[in-house]
Each structure stands twice: as structure tokens, then as C-alpha cells.
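Heads up: the structure comes next, in C-alpha cells.
Taken together, the values in this text are just the output of simple stated rules run on the coordinates, not laboratory data. Note that the structure is predicted; figures quoted are calculated from it, not measured. Positions of Cβ are backbone-derived with ideal geometry, glycine not excepted, and every protein chain shown enters the neighbour counts.
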Amino acid sequence: MSENPRFDKGVEVMTKLFGRAPDETVLSSDFMQVTATHLFGDIWSRPGLKMEERSMITIAALTVLGRENELKTHLRGAKHLGISREKVEEMMLHLAHYGGWPTGVAGLRKVEEVYGAQDPAKATKE
């Protein structure tokens with residue numbers, strides 16, 4: 001527990017989203033202090049949206065911006081929160097029409113990496 005309740009709230013949100021507390025050595029950097037305090041302690045903790053909704057919005061933004069490393073991190077968070085692969089794939093289909101087909105395909109590649117290979121039996125629907 002630190003002396004900064006916003007930082008503590010941020011670490012709590014990060015832990016819930018990513019399934020583990022951030023590494024102490026990483027958290028000690030100024031960049032991570034600001035990230036935990038402002039982004040997760042202030043923004044992700046606001047009452048207007050559920051964490052799952054914020055996760056999906058973040059995935060959409062990262063997909064369209066082509067930020068694949070961060071997208072993969074947030075897809076892991078979405079999976080940890082229980083957001084289904086089907087829902088994320090539907091998001092990618094939707095985003096492909098607004099961000100471009102290659103954007104949707106790149107997003108689906110990251111979904112495949114995080115959620116695992118598609119079940120072949122499921123893919124062969126008649």
C-alpha cells in the first residue's frame with residue numbers, strides 16, 4: 001500500500017484486468033507511476049463504463065491504430081475478464097469496415113495468438 005490512493009487504485013485495476021499485479025521493478029519507473037496513477041487509477045476507475053466496456057474500447061482503438069504489441073496485451077486482459085473470442089472476432093469484423101480490411105485481419109491475427117487456434121470442427125459449419 002502506498003501513500004497515494006490513486007496509485008493503489010490503479011494497481012488494483014491493472015491486477016483485475018491483467019490477472020496479476022505489475023512487477024515492482026517496473027512500477028518503480030516514473031512512466032509506470034504515471035500510468036498506474038493516471039490511466040488506471042483515474043481513467044479506468046471512472047464510474048461511467050464497466051471494465052469490460054473499457055477493455056473493448058481499448059481493443060478497438062489499438063486495433064485501428066495498428067498498435068499490435070499493446071493490442072496483444074489488452075487482448076490478454078479481455079480474455080482474463082471473460083470477454084469471449086466470438087465477441088472480439090465480431091469487433092474485428094466491425095472494425096475492418098471502419099479501419100480497413102488489413103486492420104481487421106491484423107487484429108484477428110492477434111486474437112489467434114492470444115485466444116489460441118480456432119477449433120477446426122467449429123470452422124467447418126455447413
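Values for this structure:
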| item | result |
| --- | --- |
| Given charges at Cβ of Lys, Arg, Asp, Glu: the chain dipole, positive-most of Phe40, Gly107, Leu95 | Leu95 |
| Sum of -39500 (n - 2.57) over DSSP H runs of 4+, divided by residues of the chain (222 nm, nearest 500) | -20500 deg cm²/dmol |
| Full-extension gain in nm, His38 to Glu113, via 0.36 nm per residue minus C-alpha separation | 24.1 nm |
| Length-normalised contact order for the chain - Cα pairs under 8 Å, 6+ apart - percent | 22 |
| Base-10 log of normalised Debye intensity for the chain (one unit scatterer per alpha-carbon) at q = 0.13, 0.17, 0.19 Å⁻¹ | -0.58, -0.89, -1.05 |
| Protection proxy ranking, peptides 102-114, 40-52, average beta carbon neighbours within 10 Å, highest first | 102-114, 40-52 |
| The chain: Lys pairs at Cα distance under 23 angstrom, eight or more positions apart or on different chains | 19 |
| Packing-based exposure ordering (other Cβ within 10 Å, fewest first) of Phe31, Phe18 | Phe31, Phe18 |
